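The values are calculated or read from the model by the stated rules, or taken from the named source; none is laboratory data. Everything numeric in this text was worked out from a predicted model, so none of it was measured. Every residue, glycine as well, gets a Cβ built from its backbone with ideal geometry; the counts of neighbours run over all protein chains shown. Keep in mind that these areas ignore ligands, DNA and RNA; they rest on the heavy atoms of the full protein, side chains included. Shrake-Rupley method; radii C 1.70, N 1.55, O 1.52, S 1.80 Å.
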Amino acid sequence: MAGTITEKIIKEHIVEDIAAKIAPGDEVALKIDQTLTQDATGTMAYLQFEAIGIPRVRTEQSVSYVDHNTLQTDFKNPDDHRYLQSIARRYGLQFSRPGNGICHQLHLERFACPGKTLIGSDSHTPTAGGIGSFAIGAGGLDVAVAMAGMPYRIKYPKIVGIKLTGKLQDWVSAKDVILEVLRRIDVKGGVGTVLEYFGPGVKTLSVPERATITNMGTETGATTSVFPSDEVTKAFMVAQERGNQWIPLEADADVEYDELIELNLSEVEPLVALPHSPGKIKPVSEIAGLEVQQVAIGSCTNSSLSDLKIVANILKGHTIADNMHLTINPGSRQVVEHLIESDEMRYLVAAGARILENSCGPCIGMGGAPSSHAVSVRTFNRNFEGRSGTKDAQMYLVSPEVAAATAIKGVLTDPRDLGECPKIEMPQRFIINDNMFIRPLPAGESAKVEIIRGPNIKPLPDFQPLPDTLAGEVLIKVEDNITTDHIMPAGAKILPLRSNIPAISEYVFEAIDPEFPRRALEKGGGFIIGGDNYGQGSSREHAALAPKYLGVKAVIVKSFARIHLANLINFGIVPLTFKDPADYESIDLADKLEVIIGELQGDVKLRNRTKNNEIELTHSLSQLDAEILKTGGKLPWVKAKVVK
Ligand code: MIC
Ligand code: SF4
């Protein structure tokens, strides 16, 4: 039978015996070849891996990156990095030292392979889909479990074929392609799907360009996005001295997709995502002239060598506008070494760019916050309110071309107004320097390594089995599209608390309702009520773990985002949805509720003691999910399995 790329990879990785036990049709368990973590989710993932009690990772390749928490304003972040390094030595992982680069850029350069499965404790793990890897973002605990050699379960996705024809025009780039996809399907149009690219336009895009597209496919809610592995992929891998890892991979010619999107690259124009959603898209030309105070270039979406080369050549010979702050975070040391070698780094510096670390930086509010009320134009993938570190800043997401043009002009600029587009030259061979990766130790030696734990690394909370009835008050009621940045904010102040759940839980819902943590603890826990697409955005499991610590028992919403839903299950918070979305209106803050979950088979009754009524709730939990929840979460469940 003809197959899509997704079908082919799933077929190769499906774990039959587990697949046979699960609810028919909707869930598959996949063997995971590779894992990645980053430092902000990694500490928790490895604490969990330690708790599972396996002596060494059981994957083909597991890499621990440090790229998020790189500002060192006190001991917390560097202590975490020491912990991660010792864990990597102890358990057989590759360790990427701070300063080496952004996890997704590095993984694409050095490790990702076509046809392999990868899960990463970061929602932009699908970046590796640009090379033909089946790469999925997950919570840290799911990554820990995969490192222990257990399969990863996904809902069998709907496969959306995106047929690319034509060729991008000058000044238009891969970022505009994914913004065009977002313009069409918005921030939840991809939920439950894999976005699979095909068609004659594919070969006109380089691997890093494809990776920009698959990276930001995350913002559609898709499980992942994937490109074929073709001659372009081969050339990229050969240039990275990994030609021996290349395999060809494409969908069969007569395959039928569940849905089809046709996209003519020749018709794409420079686009921008307006505040505060990556799905609020307009042509740049429509709002050009908007005064801009900051341009920030980088992030796992747009920090590759070709991205920064084009920026350098646009800035060459110019000085940024007087009102402008320009920051640049290159994606990796390989990118920087090339920019130095080609002299293009000089163009950036001479134009007035502030060259920051090879890290996430301003994308996650780790420095580089804009000034009050500023308009900040960024090549990043998320512009949620407050994410930059400045609550009243307005963030716009654009391509590197638009960003560079804007930095020069001081107002949002359609780069086509600059005249001729500079041509960039890519090297035939990349500079390979893996000296900031620390290789895994052989098993005999690694067993002796001592784990280094700083005082900010606190043990995991305890997880207890769930009772049949959950009772408590409504602790907060929120709207549609609540992001994990709302639930558990990031930024330079809060991120260093990622390995300290009691401390980080004081910031849950900080921007929406700073009283939430105190109220939740005082009331002995309770319920969260929300709208559609609750928990969109990151993979951070702290958005489930910290509410769990505060006593949240169930989250009742119109619909969930994929990774957050999995994280709630993993930490024993029951994710429920309204059977009739209109019932959302019938519940208010402080209502006293009783939710009879029983064994979580089928629908669930909610008694509202305050309003004296009853409504029906439902869920998408498999039998296994229900079992995990009733045990109190995935950690006690996995531990019990390992003991057996
Ligand atoms: C993000 O872009 O929001 C992050 C920070 O990379 C998160 C992970 C985290 O919160 O640590 C993500 O995308 O998963
Ligand atoms: Fe880092 Fe930003 Fe990418 Fe998240 S989206 S991994 S914070 S660069």
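Considering only region 449-467, I want to know if a residue exists there that is more than 23 Å from Phe75 (Cβ to Cβ), in contact with an Asp or Glu (Cβ under 8 Å, 6 or more places away or on another chain) and in contact (Cβ under 8 Å) with a residue 12 or more places away in the chain.
no
Restrict the check to region 89-106 and report whether at least one residue is more than 16 Å from ligand 1 (Cβ to nearest atom), among the aliphatic types (A, V, I, L, M), farther than 20 Å from Arg333 by Cα and open to solvent by less than 10 Å² (accessible area, probe 1.4 Å).
Yes: one or more hits.
For a quick check of your reading of the model, give me the residue pairs whose first member lies in region 479-508 and is within 25 Å of Ser559 (Cβ to Cβ), whose second is among the charged types (D, E, K, R) and away from ligand 1 (no atom under 12 Å from the Cβ), with beta-carbon atoms closer than 6 Å and at least 6 apart or on different chains.
Asp480/Asp532; Pro489/Glu510
How about region 290-304: which of its residues are open to solvent by 10 Å² or more (accessible area, probe 1.4 Å), assigned to a loop (DSSP other than H, G, I, E, B) and either within 15 Å of Pro275 (Cα to Cα) or away from ligand 1 (no atom under 16 Å from the Cβ) (or both)?
Leu290, Gln293, listed by residue number.
For every residue, the table says whether it meets (1) open to solvent by 10 Å² or more (accessible area, probe 1.4 Å); (2) within 16 Å of ligand 1 (Cβ to nearest atom); (3) more than 20 Å from Gly361 (Cα to Cα); (4) acidic (Asp, Glu).
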{"position": "Thr214", "(1), (2), (3), (4)": "no, yes, yes, no"}
{"position": "Thr223", "(1), (2), (3), (4)": "no, yes, yes, no"}
{"position": "Leu249", "(1), (2), (3), (4)": "yes, no, yes, no"}
{"position": "Asn264", "(1), (2), (3), (4)": "yes, no, yes, no"}
{"position": "Leu274", "(1), (2), (3), (4)": "yes, no, yes, no"}
{"position": "Lys282", "(1), (2), (3), (4)": "yes, no, yes, no"}
{"position": "Leu308", "(1), (2), (3), (4)": "no, no, no, no"}
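Just give me the residues in region 592-635 being closer than 23 Å to Tyr549 by Cβ and touching a residue at least 60 places away in the same chain (Cβ under 8 Å), in sequence order.
Once the filter is applied, which keeps residues that are closer than 23 Å to Tyr549 by Cβ and touching a residue at least 60 places away in the same chain (Cβ under 8 Å), region 592-635 yields Lys592, Leu593, Glu594, Val595, Ile597, Leu629, Lys630, Thr631, Gly632, Gly633, Lys634, Leu635.
Considering only residues of region 383-410 that are open to solvent by less than 10 Å² (accessible area, probe 1.4 Å) and assigned to a loop (DSSP other than H, G, I, E, B), which is farthest from Asp307 (Cα to Cα)?
Among them, the one singled out is Ala393.
Suppose we keep only residues that are free of Cβ contacts under 8 Å to residues at least 40 places away in the same chain and of a type in the set (A, V, I, L, M, F, W, C) within region 310-341. Which one would you say is surrounded by the fewest Cβ atoms within 10 Å (Cβ to Cβ)?
Ile340
Tell me, please, whether a residue that is more than 12 Å from ligand 2 (Cβ to nearest atom), out of contact with any helix residue (DSSP H, G or I) (no Cβ under 9 Å at 6 or more places or on another chain), open to solvent by less than 50 Å² (accessible area, probe 1.4 Å) and at pLDDT 95 or above can be found in region 342-365.
No.
Determine, yes or no, whether Pro55 is more than 18 Å from Arg333 (Cα to Cα) and either crowded, with 24+ Cβ neighbours inside 10 Å or without any contact (Cβ under 8 Å) to a residue 60 or more places away in the chain (or both).
no
Out of region 196-212, which residues are open to solvent by less than 10 Å² (accessible area, probe 1.4 Å), touching a residue at least 40 places away in the same chain (Cβ under 8 Å) and more than 16 Å from ligand 1 (Cβ to nearest atom)?
The answer is Glu196, Gly201, Leu205, Val207, Arg210.
Return the total of residues in region 523-537 being open to solvent by 10 Å² or more (accessible area, probe 1.4 Å) and closer than 20 Å to Ala503 by Cα.
Selection size over region 523-537: 2.
If you go through region 558-589, how many residues are more than 22 Å from Leu624 (Cα to Cα) and open to solvent by 50 Å² or more (accessible area, probe 1.4 Å)?
Of the residues in region 558-589, 7 are more than 22 Å from Leu624 (Cα to Cα) and open to solvent by 50 Å² or more (accessible area, probe 1.4 Å).
What's the number of the only condition in (1) more than 24 Å from Phe198 (Cβ to Cβ); (2) in contact with a strand residue (DSSP E or B) (Cβ under 9 Å, 6 or more places away or on another chain); (3) open to solvent by 10 Å² or more (accessible area, probe 1.4 Å) that Val145 fails to meet?
Failing condition for Val145: (3).
Among (1) hydroxyl-bearing (Ser, Thr, Tyr); (2) under 26 Å from the mean Cα position of the chain (by Cα); (3) farther than 30 Å from Asp307 by Cα, there is one condition Ser446 misses while meeting the rest; what is its number?
(2)
Return yes or no: is Gly161 away from ligand 1 (no atom under 16 Å from the Cβ) and modelled with pLDDT of 95 or more?
Against the criterion (away from ligand 1 (no atom under 16 Å from the Cβ) and modelled with pLDDT of 95 or more), Gly161 qualifies.
Considering only region 370-382, state which residues are within 16 Å of ligand 2 (Cβ to nearest atom) and either surrounded by fewer than 21 Cβ atoms within 10 Å (Cβ to Cβ) or more than 17 Å from Met324 (Cα to Cα) (or both).
Listed by number, the residues that qualify are Phe380, Asn381, Arg382.
Can you tell me which residue among Thr73, Thr43 is more than 13 Å from ligand 1 (Cβ to nearest atom) and either crowded, with 24+ Cβ neighbours inside 10 Å or touching a residue at least 60 places away in the same chain (Cβ under 8 Å) (or both)?
Within the list Thr73, Thr43, the selection yields Thr73.
Condition test on Gly530, is it within 16 Å of ligand 2 (Cβ to nearest atom) and at pLDDT 95 or above?
No, not satisfied.
Looking only at region 225-247, count how many residues are touching a strand residue (DSSP E or B) at 6+ places or on another chain (Cβ under 9 Å), away from ligand 1 (no atom under 16 Å from the Cβ) and of a type in the set (Gly, Ala, Ser).
The total comes to 1.
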